[in-house]
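The values are calculated or read from the model by the stated rules, or taken from the named source; none is laboratory data. Keep in mind that this is a model prediction, so the values were computed, not measured. Heads up, the Cβs are rebuilt from the backbone with ideal geometry, glycines too, and the neighbour counts pull from every protein chain shown. To get the accessible areas, we keep the full protein, side chains included, count just its heavy atoms, and leave off ligands, DNA and RNA. Shrake-Rupley method; radii C 1.70, N 1.55, O 1.52, S 1.80 Å.
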Amino acid sequence: NAGVTQTPKFQVLKTGQSMTLQCAQDMNHNSMYWYRQDPGMGLRLIYYSASEGTTDKGEVPNGYNVSRLNKREFSLRLESAAPSQTSVYFCASSEGLAITDTQYFGPGTRLTVL
Amino acid sequence: AQSVTQLGSHVSVSEGALVLLRCNYSSSVPPYLFWYVQYPNQGLQLLLKYTTGATLVKGINGFEAEFKKSETSFHLTKPSAHMSDAAEYFCAVSELSGTYKYIFGTGTRLKVLA
C-alpha cells in the first residue's frame, strides 16, 4: 500500500517549457488535490477533483491545468512554465470532500523554472 | 474571510521541554481545525483534528491541541519534546460554506536542542 505517489521528485525547466506532474493513489479515494508550497506562504490549493470526472479551481489556478484520468490518477500540467511557478508541488487525496475527511499527502515534486 | 495565523515561523526548545506552537484563526462559521506535520523531504501528515465535541483533542506522537472559541485559537502542545519532533508544523482551517475551503497557515519550524 504505497498511499499517494508523485513523479518526478525533482524537475528543472526552462521558461516556456511544458511538463506534466503525475499523481496516483491506491486508497480508493474519491477526492484528489494539487497544492503548491512556497516559503513563508504555507500550502495553497491549485485545483481539486471532488470525484472522477470533475475538477474545480482552487486558490491559485492560473497557469495550470489538471486532468482526473481515472479514480486513481490526477495530473497537473504546466503549459508554459514561468519562474513564478518554481515551487514544491504536493498531491493529496481524501475519502471525499467532507470537511472532516483527512487528506493524505504525497512526498512532493520540487520544480525549478529557470 | 477565513484565515489562519501561526505566530512564530521558527521555534526552538530543549529536549524534554514543553512544546507550544500557536495557531489563531478567523472564521464566520464554526470551523474545523487541523494540525499537520511535515518531516524533511516528506509530504504532510495529519497530527490531529477538531471537528465537534470535546475541545481538547489528542493526536499522534503525544501531541494535543485545545480549541478555544473565545480566543479563536487552536494551539498545539506536547509536554516533553523529543529530537524526533523536529519538523515543520502547519495549522489548517476548513469550514462549511458551500464551496470547498481548506486554508493552511504559513507553518512553524520546530527545532529541538540536545
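Here the average projected area of the convex hull drawn through the C-alpha atoms of chain B stands at 7.0 nm².
Counting only protein heavy atoms and using a 1.4 Å probe, what share of the accessible area of chain A belongs to carbon plus sulfur, as a whole percent? Carbon and sulfur together cover 49 percent of it. A Förster radius of 30 Å combined with the Cβ-Cβ distance from B:Leu113 to B:Ser70 puts the calculated FRET efficiency at roughly 0.35.
When the solvent-accessible area of the range B:1-72 is split by element, carbon and sulfur atoms take up 51 percent of it, the probe being 1.4 Å. Averaged over the residues of A:96-109, the number of partner chain Cβ atoms lying within 10 Å of the residue Cβ comes to 5.
Karplus-derived 3J(HN,Hα) values for the range B:73-79, using 6.51 cos²θ - 1.76 cosθ + 1.60 with θ = phi - 60°, are 10, 8, 6, 9, 9, 8, x Hz; glycine and proline are entered as x.
On association of chains A and B, roughly 1600 Å² of accessible area becomes buried (total for both chains; probe 1.4 Å). Three principal axis extents of the protein assembly as shown based on alpha-carbon atoms, in descending order, are 48, 41, 36 Å. With the Cα gyration tensor of the range A:1-91 giving a ≥ b ≥ c as the square roots of its eigenvalues, does the rule (a/c under 1.5 for rounded; else a/b larger than b/c for prolate; else oblate) give rounded, prolate or oblate? It is prolate, given that a/c is not under 1.5 and a/b is the larger ratio.
Loop only by DSSP, 16 or fewer other Cβ within 10 Å of the Cβ. Give me the GluC sites (Glu not before Pro) in the range A:44-86 that pass, ordered by residue number. Qualifying residues, ordered by number: A:Glu52, A:Glu59, A:Glu79. Applying a threshold of 19 Å to the alpha-carbon distances of B:Lys49/B:Lys69; A:Lys57/B:Lys101; B:Lys58/B:Lys101; B:Lys49/B:Lys101; B:Lys69/B:Lys111; A:Lys71/B:Lys49 flags B:Lys58/B:Lys101; B:Lys69/B:Lys111; A:Lys71/B:Lys49 as lying beyond it. Extension gain for A:Thr54-A:Lys9 works out to 13.6 nm (0.36 nm per residue, less the C-alpha to C-alpha distance).
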